[in-house]
Amino acid sequence: MRIRAEVNCMSCGRFLGDLEGETKTRIDKSWLRPSDTPVRFTKRGLFCGRCGGRALVEHIDKVYVAA
Ligand SMILES: [Zn+2]
């Protein structure tokens with residue numbers, strides 16, 4: 001299954017980008033379609049590249065691929 005989600009910073013509220021990928025694989029940098037604000041990937045999760053705040057992944061949607 002393919003999912004898509006929005007990533008926002010919990011601290012400063014900046015939009016950090018979209019994530020899209022297969023649920024079979026772990027979320028990593030290849031999932032990210034970045035915005036102007038950089039995102040830091042660490043072992044503890046995703047963080048805002050501007051303020052260092054924790055990134056919040058929300059609006060997770062299933063992506064249906066037309067057969
Ligand atoms: Zn931030």
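Bear in mind these aren't lab numbers, they're just calculated from the coordinates by the rules spelled out. None of these values were measured; they are calculated from a predicted model. Note that each Cβ is placed from the backbone with ideal geometry, even for glycine, and that neighbours are counted across all protein chains shown.
Which whole-number value in Å³ per residue fits the convex hull of the alpha carbons of segment 27-66? Write down the numbers at each step before the final one.
On the way: hull volume 3.8 nm³, N = 40.
Looking at segment 27-66, the number lands at 95 Å³ per residue.
Sparsely packed loop sites in segment 1-46 (the trypsin sites (Lys or Arg not before Pro) outside DSSP H, G, I, E and B with at most 10 other Cβ atoms within 10 Å) comprise Lys24, Arg26, Lys43, Arg44. Orientation-averaged projection of the chain equals 4.6 nm² [convex hull of Cα atoms, one quarter of hull surface area]. The alpha-carbon of Lys43 sits under 16 angstrom from the alpha-carbons of these lysines, leaving out residues fewer than 8 places away in its chain: Lys29.
Each Lys and Arg contributes +1 and each Asp and Glu -1, all at the Cβ; summed about the Cα centre of the chain, the dipole is approximately 320 debye.
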